[in-house]
1. So if I average 1/r over every pair of distinct C-alpha atoms in the stretch 151-212 and take the inverse, what Kirkwood radius in Å does that give?
2. Considering only the other residues whose Cβ falls under 14 Å of the Cβ of Leu47, what net charge follows from Lys and Arg at +1 and Asp and Glu at -1?
3. In nm, to one decimal, how far is the modelled label at Thr210 from the one at Ile9, with both set 7 Å along Cα→Cβ?
4. Explain nothing, just the number: dipole magnitude of the chain about its Cα centre with +1 on each Lys and Arg Cβ and -1 on each Asp and Glu Cβ, in debye rounded to the nearest 20.
5. If packing is taken as the average number of other Cβ atoms within 10 Å across a peptide's residues, how do 228-237, 82-91 rank, most packed first?
6. Could you run the Karplus curve 6.51 cos²θ - 1.76 cosθ + 1.60 with θ = phi - 60° over the stretch 100-110 and give me ³J(HN,Hα) per residue in whole Hz, x for Gly and Pro?
7. So what's the projected area for the stretch 43-86, the Cα convex hull averaged over all directions, in nm²?
8. Round to a whole number: what % of the accessible area of the stretch 19-117 belongs to carbon and sulfur, probe 1.4 Å?
Amino acid sequence: MAEKTEYRIIHTAVTGSTNSDAKRLGMAGESDLMILADRQTDGRGRLGRSFISDEGGLYMTMLFAKHIRPTDALKVTVYTSLCVSRAIDRLMGLAPKIKWVNDIYLGGKKLSGILCEGLLGEDGNFTHVVVGIGLNVSGELPEEIRDIATALDEHTTSLPKIKTLAKEIADEMYRLSAWDFSDILREYKNRSCVLGKRVRVKRLGREEYTALAVDVDSDGALVLRLDNGGEERLATGEISVKVE
Ligand code: BTN
């Protein structure tokens with residue numbers, strides 16, 4: 001993912017979206033950058049959703065100059081989910097689970113989400129990869145997500161500073177960039193809370209259905225076994241599953 005090992009940090013109190021900031025800076029020729037904000041006023045999630053970004057959370061985006069196909073963004077999301085989960089493990093000894101493809105869960109509730117985007121070049125490939133990470137660290141969660149979300153302070157008394165956590169995640173991203181994707185995938189699957197479970201699948205323009213999640217393939221797609229015996233690969237869309 002990243003060949004260099006050093007990155008610049010821009011820490012701001014408030015911004016619209018760190019992903020949007022990173023895109024602007026990428027277009028201006030920057031790379032190897034972490035943008036960290038104490039809160040966002042226009043935080044964005046996957047599938048066009050908004051991402052509540054009040055003070056007390058970690059909102060960071062990593063910007064890398066990387067020439068990849070847009071379809072490889074799924075692999076970047078897999079890799080980032082693993083890095084976030086390992087960083088939490090390393091700093092706090094907690095073992096979060098990964099819900100395909102971009103959600104990190106602790107104690108059955110969502111702790112963190114990842115939004116991977118890119119800057120398109122003239123050849124239709126990305127010139128830069130923009131990896132946004134939102135993570136609930138401390139403080140009261142907004143009413144509307146309290147039943148489904150959790151924050152780190154509910155699970156540990158040795159909470160690191162947000163900047164320390166952000167750096168640990170970024171360092172992990174640089175460390176794991178030397179790994180083969182097959183190794184990333186192996187550990188991602190070990191940390192999955194989806195494999196072997198029946199999941200409800202939501203795809204644009206299709207009725208919801210359930211299937212058995214059996215694997216994550218070498219592109220990062222979720223492999224589903226359908227009730228009619230067939231197999232299907234899910235690269236977009238989302239699933240819901242009961243996470244213990
Ligand atoms: C999701 O759960 O759907 C992904 C959420 C990603 C949120 C992060 S917060 C930092 C970065 N800036 C954004 O606007 N979004 C990402």
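The values are calculated or read from the model by the stated rules, or taken from the named source; none is laboratory data. All figures in this text were calculated on a predicted structure; none of them were measured in a lab. Here the Cβ is made from the backbone with ideal geometry for all residues, glycine too, and neighbour counts use every protein chain on show. Note: areas computed on protein heavy atoms with side chains; ligands, DNA, RNA excluded. Shrake-Rupley method; radii C 1.70, N 1.55, O 1.52, S 1.80 Å.
1. Working: mean 1/r = 0.0652 Å⁻¹.
About 15.3 Å, per the Kirkwood formula over Cα pairs.
2. On the way: positive: Arg44, Arg46, Arg49, Lys202, Arg203; negative: Asp103, Glu117, Glu238.
My count for the surroundings of Leu47 gives +2.
3. 4.6
4. Numbers: 34 positive and 37 negative charges, 65 e Å.
The calculation lands at about 320 debye.
5. Working: 228-237: 12.0, 82-91: 21.8.
In descending order of packing, they fall as 82-91, 228-237.
6. After applying 6.51 cos²θ - 1.76 cosθ + 1.60, I find 3, 10, 10, 10, 10, 10, 9, x, x, 10, 6 Hz.
7. On the way: hull surface 16.5 nm².
Averaged projected area of the stretch 43-86's Cα convex hull equals 4.1 nm².
8. Values: 1680 of 3670 Å².
In the stretch 19-117, the share of accessible area belonging to carbon and sulfur is 46 percent.
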